Amino acid sequence: MAAISNLPVAAGIGLRAPHVREVLASRPAVPWFEVHSENYFADGGTALAALDRIRGDYPVSLHGVGMSLGWTDLLDRDHVAKLKRLTARVEPALVSEHLCWSGVGGRHFNDLLPLPYTDEALDHVCARVAQVQELLGREIAVENVSAYVAFGESTMTEAAFVASVARRTGCKLLLDVNNVYVNAINHGFDADAYIATIPSAAVAEYHLAGFEMSGACLIDTHGAPVAADVWALYTRTVARIGPRPTLIEWDTSLPAFAVLADEARTAQRILVAADAVAA
Ligand SMILES: [Fe+2]
């Protein structure tokens, strides 16, 4: 399969601390791992030493959860500097962040909050993405987030907003298929129309994760298997956009590593089947 980033076009796993020892000991046949950048911002320590060893055997993607690209406070240059130092050490195949905001007026929230989909917010976040890419000296991928609120001020769809960020900044997209599905159900839009709006050439990675139900609302907990409807949407997405590196994310109620490996094998089968159809 042709690569659009330096990650293999195959199904990798989000590596979380409870699984690190097992991965180091057993060196499982996983094509690549993704880690949360901020967990490795310290200058040294056992976590970073373990990541060095894993990087010796696997391609690694650095996925940020704390840059707050969309907030109106000044860009946190110290955060970007730490990420740059980590990228110099790890030489990741991909660096990604969320298209969101996580605070205001110096206050940080532990949430990846959606932006208003307006021209003003688009100008703002595109300038930030460009600034981060310049400071890092490399392209980043930005990820669509799950959302439980929407702004009445929005003048465009989420998909049009995400697509515009990629077109205007030249950044790549990390298309979280579960987030598209969760938002489609919660906000009542057509998930396939969303996927059709995304520029294929910009998509560098897919995410898959599990949600849980709270009444009629889907909550993106990353604490469950990928749902059947999300597998179906992922299959249609891969057929439309093409096979891309795909990550199984699981962050709460973390199961045995073998469960994640099973989920990754399912994604791998879908990637391989789509590639065979395209060939
Ligand atoms: Fe994600």
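General observations
- Positive minus negative residues near ALA264 (Lys, Arg vs Asp, Glu; Cβ under 12 Å): -2
- Scaling the Cα radius of gyration of the range 101-258 by the globular reference 2.2 N^0.38 Å produces a ratio of 1.04.
- Here the spin labels are modelled as points 7 Å beyond Cα on the Cα-Cβ line, and at ASP251 and ASP73 they lie 1.8 nm apart.
- Modelled label positions at VAL149 and ARG269, each set 7 Å beyond Cα in the direction of Cβ, lie 4.1 nm from each other.
- Euclidean distance between Cα centres, the range 125-182 to the range 238-257, Å: 19
- Total charge dipole magnitude, the chain, about the Cα centre, Cβ charges on Lys, Arg, Asp, Glu only, Debye to nearest 20: 780
- Net charge, GLN133 excluded, C-beta distance under 13 Å - Lys, Arg +1, Asp, Glu -1: +2
- Scaled radius of gyration (Cα, divided by 2.2 N^0.38 Å) that the range 169-224 gives: 1.22
- A cut-off of 5 Å between modelled amide H atoms, ignoring neighbours fewer than 5 places along the same chain, links GLY103 with PHE109.
- Two-decimal Rg/Rh across the chain, once Rg and the Kirkwood Rh are taken from alpha-carbon atoms: 0.94
- Dipole magnitude (debye, nearest 20) for the range 113-227, charges at Cβ of Lys, Arg, Asp, Glu: 240
- Approximate shape of the range 73-145 as ellipsoid semi-axes (Cα gyration tensor, √5λ), whole Å, largest first: 22, 14, 12
- When peptides 144-155, 171-182, 30-41, 118-129 are ranked by their average number of other Cβ atoms within 10 Å per residue, the highest-first order is 171-182, 30-41, 118-129, 144-155.
- Stokes-Einstein translational diffusion, the range 1-90 - Kirkwood Rh over all Cα pairs, 1.567 mPa s, 4 °C, in µm²/s: 90
- Nonlocal amide H pairs with SER96, under 5 Å, H built at 1.01 Å: LEU62, HIS63, GLY64, ALA141
Each value in this text was obtained by applying a stated rule to the coordinates, not by laboratory testing. This structure is a prediction, so every number in the text was calculated from the model and none was measured. Glycine also receives a Cβ, built like all others from the backbone with ideal geometry; neighbour counts cover every protein chain displayed.
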